[in-house]
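Enquirer: Structure in structure tokens, see below.
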Amino acid sequence: MSDALVIGSGLGGLLSGVILSRAGYRVTVLEKASQPGGCLQTFIREGLRFDTGFHSVAGLEEGGPLERIFRPLGLMDLPWEFVKEPDEIVLNGVSHRLTDLSYPLGNTLRLSSSTGDVTMDEYAHVMEPFKKGSWRLPSGDLLVKKLISLINGTVRTGCEVTAIEPGRVHCKDGRSYEGIVISDIHPWQTFALFRGHVRPSYLHRLQTLENAPGIFTVYCKLQPETIQYQPWSTNYNGDLMVHYGNPDGKGFARSVDLLTFSEKYVSDRTALAEELIGRVPGLSGAVEKFWTSTPATWERYTGTPGGSAFGIRKKDATCYVHPRTPVPGLYLTGQNCGLHGVLGVSETALLTCQEILGEATLNQILQR
Ligand SMILES: Cc1cc2nc3c(=O)[nH]c(=O)nc-3n(C[C@H](O)[C@H](O)[C@H](O)COP(=O)(O)OP(=O)(O)OC[C@H]3O[C@@H](n4cnc5c(N)ncnc54)[C@H](O)[C@@H]3O)c2cc1C
């Protein structure tokens, strides 16, 4: 049996681990954080579970791009809830467009001045599928737990990789592991940890790539029975996403998350949080308490440089990083290689595993 070492337990790392397990590999996932899942982590405050980087996914309809990956891997038996957003909603007499997905401007879609232009590729692969509706889970950690249960091997948390050599990785706790290496962390960090020769032109190219901005999030606990729960997310002016939480999925929301792109450090978190809360009709009086996270928080938890929310920014085809590296036995996966999001990262995991297993074996695994 061959061994595969996966650095990072984000979606890309776990899904690659599941596919390689199906192909007969014994998989060891090495995760520096105390909780697995990377951007799919959740946390609990005052009895409320908050998702961090997972709210909804697209493409799970029969024959959809994500369903074609998730069904054969056994990920469709999670309690996915289908949500079809209306085109607009009326809150306190004001009509709000729910998404800006249908506003292509020439070849680009402008979401907001802070995010810059979204390329048509991102639009087509990441956002367009949302027009068919989206799917939610009661919490993102269900997906993480399911992925871990499908891995033939171990997921070691609290296990930071500090050095990579061809066919071997070393961890902070002094242990080392042998096998082919799949890195789910940023390529800059992967090669900062690499001990060995790499073509300078390859490293130079990686350094020229830029990262997408990070996200400032306000996690609000609501006073009882103040805000109606809605399963879909609301997008205010293209730069403020609002997600509603309620473990029962009906009646009143118990929590609300507000997300906006931001600089790495936010000098006055409370002021920004209050400004964002004030932009959502009826929310100011309903919030009992709130907590915030900045891109710096993300950097601390996931290690992503600058706390970038979506990793290397895919402005055009030259920004894609191929899963096969110049180092034999060292592969990349995750949102830094291809597109971000559950769909983008899952598609990249297929590419990574295809490089390792070959097309015929991968196709066999994905047969229904
Ligand atoms: C705020 C926010 C909201 C989002 N909302 C959605 C959404 O609603 N729907 C959607 O589809 N997508 C969403 N996304 C995007 C999606 O969450 C990500 O694209 C995806 O989860 C990234 O997975 P990944 O495997 O590439 O990397 P990550 O999740 O970043 O995983 C990398 C892992 O590597 C670990 N690591 C780092 N360094 C080391 C080391 N040296 N040794 C060991 N481990 C290490 C980290 O701790 C982390 O667990 C959102 C993202 C953000 C930030």
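The values are calculated or read from the model by the stated rules, or taken from the named source; none is laboratory data. These numbers come from a predicted model, not from an experiment. No Cβ is skipped: glycine too gets one built from the backbone with ideal geometry, and neighbour counts run over all protein chains shown. The accessibility values were calculated without ligands, DNA or RNA, using every heavy atom of the protein model including side chains. Shrake-Rupley method; radii C 1.70, N 1.55, O 1.52, S 1.80 Å.
Enquirer: Taking residue 303 as the residue in question, decide whether it is near the ligand (Cβ under 8 Å from one of its atoms), open to solvent by 10 Å² or more (accessible area, probe 1.4 Å) and more than 12 Å from the chain's Cα centre (by Cα).
Expert: Yes; evaluated as a whole, the condition is true for this residue.
Enquirer: Given the conditions (1) touching a residue at least 12 places away in the same chain (Cβ under 8 Å); (2) outside any strand (DSSP E or B); (3) farther than 30 Å from residue 320 by Cβ, which single one is not true for residue 242?
Expert: (2)
Enquirer: Which residues, taken from the stretch 1-29, are more than 20 Å from residue 298 (Cβ to Cβ) and either within 6 Å of the ligand (Cβ to nearest atom) or of a type in the set (Lys, Arg) (or both)?
Expert: Passing the criteria: 22, 26.
Enquirer: Please give the number of the condition residue 63 fails out of (1) over 23 Å from residue 178 (Cβ atoms); (2) away from the ligand (no atom under 15 Å from the Cβ); (3) not in a loop (DSSP other than H, G, I, E, B).
Expert: Every listed condition holds for residue 63 apart from (3).
Enquirer: Quick one: is residue 273 buried (at least 18 other Cβ atoms within 10 Å of the Cβ), over 29 Å from residue 209 (Cβ atoms) and away from the ligand (no atom under 12 Å from the Cβ)?
Expert: Yes, satisfied.
Enquirer: Turning to a different aspect of this structure: How about the stretch 30-49: which of its residues are more than 11 Å from the chain's Cα centre (by Cα) and within 15 Å of residue 301 (Cα to Cα)?
Expert: Of everything in the stretch 30-49, those that are more than 11 Å from the chain's Cα centre (by Cα) and within 15 Å of residue 301 (Cα to Cα) turn out to be 30, 31, 32, 33, 34, 35, 36, 42, 43.
Enquirer: Which ones in the stretch 1-30 are in a loop (DSSP other than H, G, I, E, B) and open to solvent by 20 Å² or more (accessible area, probe 1.4 Å)?
Expert: Scanning the stretch 1-30 gives 1, 2, 23, 24, 25.
Enquirer: Looking at 339, 351, can you tell me which residue is crowded, with 21+ Cβ neighbours inside 10 Å, out of contact with any strand residue (DSSP E or B) (no Cβ under 8 Å at 6 or more places or on another chain) and aliphatic (A, V, I, L, M)?
Expert: Within the list 339, 351, the selection yields 339.
Enquirer: Let me ask you something else. Just to be sure before I move on: is residue 231 assigned to a loop (DSSP other than H, G, I, E, B), within 16 Å of the ligand (Cβ to nearest atom), under 24 Å from residue 134 (Cα atoms) and touching a residue at least 24 places away in the same chain (Cβ under 8 Å) in the structure I sent?
Expert: So residue 231 passes the test.
Enquirer: Has the stretch 40-60 got at least one residue that is closer than 19 Å to residue 179 by Cα and within 8 Å of the ligand (Cβ to nearest atom)?
Expert: Scanning the stretch 40-60 turns up no residue that is closer than 19 Å to residue 179 by Cα and within 8 Å of the ligand (Cβ to nearest atom).
Enquirer: Kindly provide the set of residues from the stretch 47-72 that are surrounded by fewer than 17 Cβ atoms within 10 Å (Cβ to Cβ) and within 16 Å of residue 143 (Cα to Cα), ordered by number.
Expert: If the condition is that a residue be surrounded by fewer than 17 Cβ atoms within 10 Å (Cβ to Cβ) and within 16 Å of residue 143 (Cα to Cα), then 49, 72 are the ones that fit.
Enquirer: Considering only the stretch 336-363, how many residues are within 11 Å of the ligand (Cβ to nearest atom) and part of a loop (DSSP other than H, G, I, E, B)?
Expert: Qualifying residue count, the stretch 336-363: 5.
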